[in-house]
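Report on one structure; see the data block that follows.
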Amino acid sequence: MPVRQLIIVGSGPAGYTAAIYAARADLRPLVIASSVEFGGELMKTTEVENFPGFPEGIMGPDLMTRMQQQAERFGAEIVYDDVTRLELTGPVKRVTLGSGAVHEANALVFATGSAYRKLGLEDEARLSGYGISWCATCDGAFFRQKHIAVVGGGDSAMEEATFLTRFADKVTVIHRRDSLRASKTMQERAFADPKIEFLWNKEVTRIYGDTHVTGVGLVDTVDGSESALDVAGLFIAIGSDPRTHLVHGQLELTPEGTIAVEGRSSRTNLPGVFAAGDVIDPTYRQAVTAAGSGTVAAIDAEHYLASLPADAIPQVADAPRAAEPVAASA
């Protein structure tokens, strides 16, 4: 196969936005979407109300389908397969897929996102989006005047619980130990909130509900006793893991495990390799910030490719041409 200009690994908001900008810059990007998890975490959500431009909200899968269609409209090519190996250290980046196919490009955008840690319970996946959530900012408004629970004991759990008190009548924090891992400031803020209560030494072992969450089953981690808690929602805040296993030993990582980039850019420690979305973001992890990060990666990749000698850039025949350069859009 000929060497391409740009390959994008990942098909969430960051990957597809990078593809839209790159395709409009006439880079003819190839997007490697997972064979199973294409579209990212939004494919597992229901209504998205906080993505700009959709005042009535939009279903997560519908939003990702629109992003994909927009990228394809400008000439991006989508391949539904899984990357098994990346070779990024040379001037030409090599991507090996599960099918055995190998694709090469002068530049690569890595946008594989992150995965929220799950409890591993039987009904967790079934009720995801129907009372189970991993993002208070995304879904908190659906639980106005409800009693909801948050699982976790770190800063993320305290942030989620405190944020959810804006909507819920009551927030119960469930923690498997008798003390929190959260910072002192976050603990004090949560303890001072009259809407937040704590259940110590408890572990969620079951989720109740046919079509929506109606409660959770608990086991005491000290004496093994069982109990139940009636709640309308369960927010799981036990951390997330950036999907970086493909680049270990090649790209530098931060102490949080995300890919290290230069300042506000998408540039990694390897020339021609850029990273975007949740894989570089340990803090915000929102669809809109991931999309903005994808924009940055596409522009950085376009600038990098423009700096290469003309004979190093492949010419792909019969590909649709973009209407405008990458930096022309707002």
Consider region 290-325. How many of its residues are open to solvent by less than 30 Å² (accessible area, probe 1.4 Å), modelled with pLDDT under 50 and over 16 Å from ALA105 (Cβ atoms)?
1
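For region 240-261, enumerate the residues that are of a type in the set (Asp, Glu) and touching a residue at least 24 places away in the same chain (Cβ under 8 Å).
Filtering region 240-261 down to residues of a type in the set (Asp, Glu) leaves 241, 252, 256.
The answer is ASP241, GLU256.
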For SER265, which of the numbered conditions (1) part of a strand (DSSP E or B); (2) without any contact (Cβ under 8 Å) to a residue 40 or more places away in the chain fails to hold?
(1)
What's the total number of residues in region 240-259 that are small (Gly, Ala, Ser), farther than 22 Å from ASN106 by Cβ and surrounded by fewer than 16 Cβ atoms within 10 Å (Cβ to Cβ)?
1
Quick one: would you say ASP26 is acidic (Asp, Glu), more than 21 Å from ILE132 (Cβ to Cβ), open to solvent by less than 40 Å² (accessible area, probe 1.4 Å) and touching a strand residue (DSSP E or B) at 6+ places or on another chain (Cβ under 7 Å)?
no
Tally the residues that are open to solvent by 60 Å² or more (accessible area, probe 1.4 Å), out of contact with any strand residue (DSSP E or B) (no Cβ under 8 Å at 6 or more places or on another chain) and within 26 Å of ASP223 (Cα to Cα), restricting the search to region 173-190.
4
Can you tell me which residues in region 214-232 are open to solvent by 20 Å² or more (accessible area, probe 1.4 Å), of a type in the set (A, V, I, L, M, F, W, C) and within 29 Å of the chain's Cα centre (by Cα)?
ALA232
Could you tell me which residue of region 67-82 is farthest from TYR21 (Cα to Cα), considering only residues that are exposed (fewer than 15 other Cβ atoms within 10 Å of the Cβ) and modelled with pLDDT of 95 or more?
GLN69
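Restricting the search to region 212-237, which residues are hydroxyl-bearing (Ser, Thr, Tyr) and outside any strand (DSSP E or B)?
THR214, THR221, SER225 - these are the residues of region 212-237 that are hydroxyl-bearing (Ser, Thr, Tyr) and outside any strand (DSSP E or B).
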Would you mind telling me which numbered condition in (1) modelled with pLDDT under 95; (2) among the hydrophobic types (A, V, I, L, M, F, W, C); (3) buried (at least 18 other Cβ atoms within 10 Å of the Cβ) LEU88 fails?
(1)
Give region 271-289 a look and list any residue that's in contact with an Asp or Glu (Cβ under 9 Å, 6 or more places away or on another chain), surrounded by fewer than 21 Cβ atoms within 10 Å (Cβ to Cβ) and not polar (S, T, N, Q), or say none.
PRO282, TYR284
Hey, PHE235 closer than 30 Å to GLY10 by Cα, in contact (Cβ under 8 Å) with a residue 12 or more places away in the chain and buried (at least 17 other Cβ atoms within 10 Å of the Cβ) or not
yes
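The rows are residues; the columns are (1) touching a residue at least 12 places away in the same chain (Cβ under 8 Å); (2) more than 25 Å from GLU49 (Cβ to Cβ); (3) in a helix (DSSP H, G or I); (4) aliphatic (A, V, I, L, M).
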site	(1), (2), (3), (4)
ALA149	yes, no, no, yes
GLY153	yes, yes, no, no
VAL173	yes, no, no, yes
ALA182	yes, yes, no, yes
THR185	no, yes, yes, no
GLU203	yes, yes, no, no
ASP210	no, no, no, no
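Is it fair to say VAL222 is out of contact with any Ser or Thr (no Cβ under 6 Å at 6 or more places or on another chain) and closer than 17 Å to ALA237 by Cβ?
Working: out of contact with any Ser or Thr (no Cβ under 6 Å at 6 or more places or on another chain): yes; closer than 17 Å to ALA237 by Cβ: no.
Answer is no for this residue.
The values are calculated or read from the model by the stated rules, or taken from the named source; none is laboratory data. Just so you know, these numbers come straight off a predicted model, no measurement behind them. In this analysis, Cβ positions are derived from the backbone assuming ideal geometry, glycine residues included, and neighbour counts consider all displayed protein chains. Keep in mind that these areas ignore ligands, DNA and RNA; they rest on the heavy atoms of the full protein, side chains included. Shrake-Rupley method; radii C 1.70, N 1.55, O 1.52, S 1.80 Å.
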